[in-house]
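Quick notes on the structure that follows.
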Amino acid sequence: MTPAAPTAWPADGARLLEPSISYALGVVLAVTPELLSRPTPCRGWDLRMLLRHASESLAAVGEGIEAGRVALDPAAEDGDLAADPARAFRDRAGQLLDAWTFPGHQRHVIEIAGCPLAASVMAAAAALEVTVHGWDISRACGQSQPIPRPLATSLLAIAPVLVPCTGRHPLFAAPVTAPATADPSDRLAAFLGRTPQPRHTTQGHH
């Protein structure tokens, strides 16, 4: 995630975290142990690796919102994450929502590697990451469940600020050209280096 933000941050940026987690929680219901070895749109990552990464990101954002800082060193992996990454994802998503909806988070400034970042910007960046990984999880499970149109449209408005077209490697691949008829879900996935068509993998990873 990047600390970059426009001078006038979109007012709804911070409000995207809850619908993004709701979308991701919906798609993760399709995960079964048999699917954990399936490839994902993130090159070189299977579903287990993606879920573990997404869970760690959720935990980091939750830590930042609760403690006001994000540690540089990741916490040791817990047993739940190793044994049941889908359940760990659901648990950490719920914990993040609890932290985010706790009164007072709007006044927080999060410190990441010594750099201050508004909590609202961090939440918007987290919403983008959670949403696109939800899209990845859906593809890996063979569901191809699109990102809800209002959420995808809102994220498309702020994605160019959070993820510039240059300097995005290795977090994301270069943008992919989406068909002219693509809906907001596919346009967002394409902007983040994913190929919208079903059953195709791309070079994007996080």
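The values are calculated or read from the model by the stated rules, or taken from the named source; none is laboratory data. Quantities reported herein were computed from a predicted structural model and do not represent experimental measurements. Surface areas here come from the heavy atoms of the whole protein model, side chains and all, with no ligands, DNA or RNA. Shrake-Rupley method; radii C 1.70, N 1.55, O 1.52, S 1.80 Å.
General remarks:
- In sequence order, the range 18-33 has phi-based couplings of 5, x, 5, 5, 4, 4, 5, 5, x, 6, 6, 4, 7, 6, 10, x Hz under the Karplus curve 6.51 cos²θ - 1.76 cosθ + 1.60, θ = phi - 60°, and Gly or Pro positions carry x.
- Each of Trp45, Trp100 has its accessible area taken with a 1.4 Å probe; listed largest first, they run Trp45, Trp100.
- Heavy-atom SASA rank of Thr153, Thr177 (probe 1.4 Å, accessible area, largest first): Thr177, Thr153
- Three semi-axes of the equivalent ellipsoid, the range 112-168, Cα gyration tensor, whole Å, largest first: 24, 13, 12
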